[in-house]
1. I'd like to check something: does region 191-207 contain any residue that is of a type in the set (Ser, Thr, Tyr) and farther than 24 Å from Gly265 by Cα?
2. Inspect all residues belonging to region 114-128 and state whether any of them is under 19 Å from the mean Cα position of the chain (by Cα) and on the phi > 0 side of the Ramachandran plot.
3. Within region 209-230, does at least one residue satisfy the condition of being within 30 Å of Leu256 (Cα to Cα), surrounded by 18 or more Cβ atoms within 10 Å (Cβ to Cβ) and without any contact (Cβ under 8 Å) to a residue 60 or more places away in the chain?
4. Looking at Lys266, Lys275, Lys270, Lys302 in this structure, which one is basic (Lys, Arg) and over 21 Å from Leu101 (Cα atoms)?
5. Look at region 101-131 and say how many of its residues are within 30 Å of Asp234 (Cβ to Cβ) and touching a strand residue (DSSP E or B) at 6+ places or on another chain (Cβ under 9 Å).
6. Where residues in region 186-208 are buried (at least 19 other Cβ atoms within 10 Å of the Cβ) and among the small types (Gly, Ala, Ser), which of them is nearest to Leu101 (Cα to Cα)?
7. Could you count how many residues in region 324-337 are surrounded by fewer than 23 Cβ atoms within 10 Å (Cβ to Cβ) and either at pLDDT below 95 or farther than 16 Å from Ala221 by Cα (or both)?
8. Only one residue in Pro165, Pro113 is surrounded by fewer than 16 Cβ atoms within 10 Å (Cβ to Cβ) and either closer than 25 Å to Leu223 by Cβ or in contact (Cβ under 8 Å) with a residue 40 or more places away in the chain (or both). Which one?
Amino acid sequence: MKPTFLFLFISIALSKPSPAQTSQDTITTYLENAVSEYNIPSISAGILVDGEIIWSGAAGFSDREEQVETTGETLYRIGSISKVLTTALVLRLAETGQIDLQDFVQKYIPDYPVDKKGPIKVIHLLSHTSGIDHYRGKETRSFIHYDNLRDASRIFENRKLTFVPGTKYRYTSYGFTLLGAVIEAATGKSYESNLKALVLDPAGMRNTFIEDRTDPKSGQAALYKKKGNEIIRDVDNDLSNIYPAGGLLSTASDLLLFYEAWRNGKLISKENVQKMLDAVENNGQVLDENAGLGWNIWKHNKHGWVCHRIGGQSGTSALLISYREQGVTVALLSNQAVLDPIWEITNTLIGFGLDHKE
């Protein structure tokens, strides 16, 4: 899910808690009150300050019907935050020479059709400049299980591109599905095994997985949505058509571990870390000033450069955001689709993190 223009330039003033508000218990109480006030099934969140997780907490029920309380180990869908992890994986494979970003897709998948508008390079997939369209109709909620990402990419392989590859920016999850197929073809290993070996294990992320309906994980939060003021079950769709784009399960703490490992160059080179934070461009022309590789990027009028990725799909709303010049990062996961107060709650948690530095 690409945030709206309003969200990219959100200028809500961060509340500045008093020193007493920085205690672990007070932050947890704030989260519990937010879950109650906004009638949210559950939230799990964490705050990272200068490389250290200073607080993590959870409130509400991962399963309302069974009255199962959520914990820091409860698994949530993270939606499009998955794209940030996939981007790091592709850049790592580029560093080891297994993928060349300037190669055409056909080097790895020879039978992938070439559109009349031109062939697609790996970098086009990574930067949302391929011209591959986003979902159509009910494809946002697929119930078909695909055994590999090449099979999943057949959904859209014969659709016309929306523009000449490399010339425009257009957000598309399907571009990352094809990127995953390239990963599998280039390495001879599944997307899942590549991600585990090159991203999850080095970052110490022991609670992050693909959501495989053929091998369900225990401890996953049930999926909900709001119908008026009522919370009801959301559809339990199959994510195998978009694993690299939005098919991962994780915890708030794991996402913070990822951010820190990514930031300090443990996963990819510092040069590639910066590449992910640079605006997407073509021949020196910026195509989207708020789009990096994987991240959305923008400048807060007081706190400097920010990167974030929001994730939204059936039964989840997720946000990973870093006020990176301040060294404060927040991960927030919920098992409710379209969580309206997600920015307000996250901004308050950022405020707690900023206060911790004083």
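The values are calculated or read from the model by the stated rules, or taken from the named source; none is laboratory data. Here the structure is a predicted model, which means the values were calculated and not measured. Virtual Cβ from ideal backbone geometry, glycine too; neighbours counted across all protein chains shown.
1. The answer is no, given that none of the residues of region 191-207 is of a type in the set (Ser, Thr, Tyr) and farther than 24 Å from Gly265 by Cα.
2. The first filter runs over region 114-128 and keeps only residues under 19 Å from the mean Cα position of the chain (by Cα), leaving 123-128.
Applying the additional criterion that residues be on the phi > 0 side of the Ramachandran plot yields 128.
Yes, that holds for at least one residue.
3. Yes, region 209-230 contains a residue that is within 30 Å of Leu256 (Cα to Cα), surrounded by 18 or more Cβ atoms within 10 Å (Cβ to Cβ) and without any contact (Cβ under 8 Å) to a residue 60 or more places away in the chain.
4. On the way: Lys266 fails: over 21 Å from Leu101 (Cα atoms); Lys275 fails: over 21 Å from Leu101 (Cα atoms); Lys270 fails: over 21 Å from Leu101 (Cα atoms).
Selected residue: Lys302, the only one of Lys266, Lys275, Lys270, Lys302 that is basic (Lys, Arg) and over 21 Å from Leu101 (Cα atoms).
5. Number satisfying all stated conditions: 2.
6. Ala186
7. Here the count works out to 4.
8. Just one listed residue meets the conditions, Pro113.
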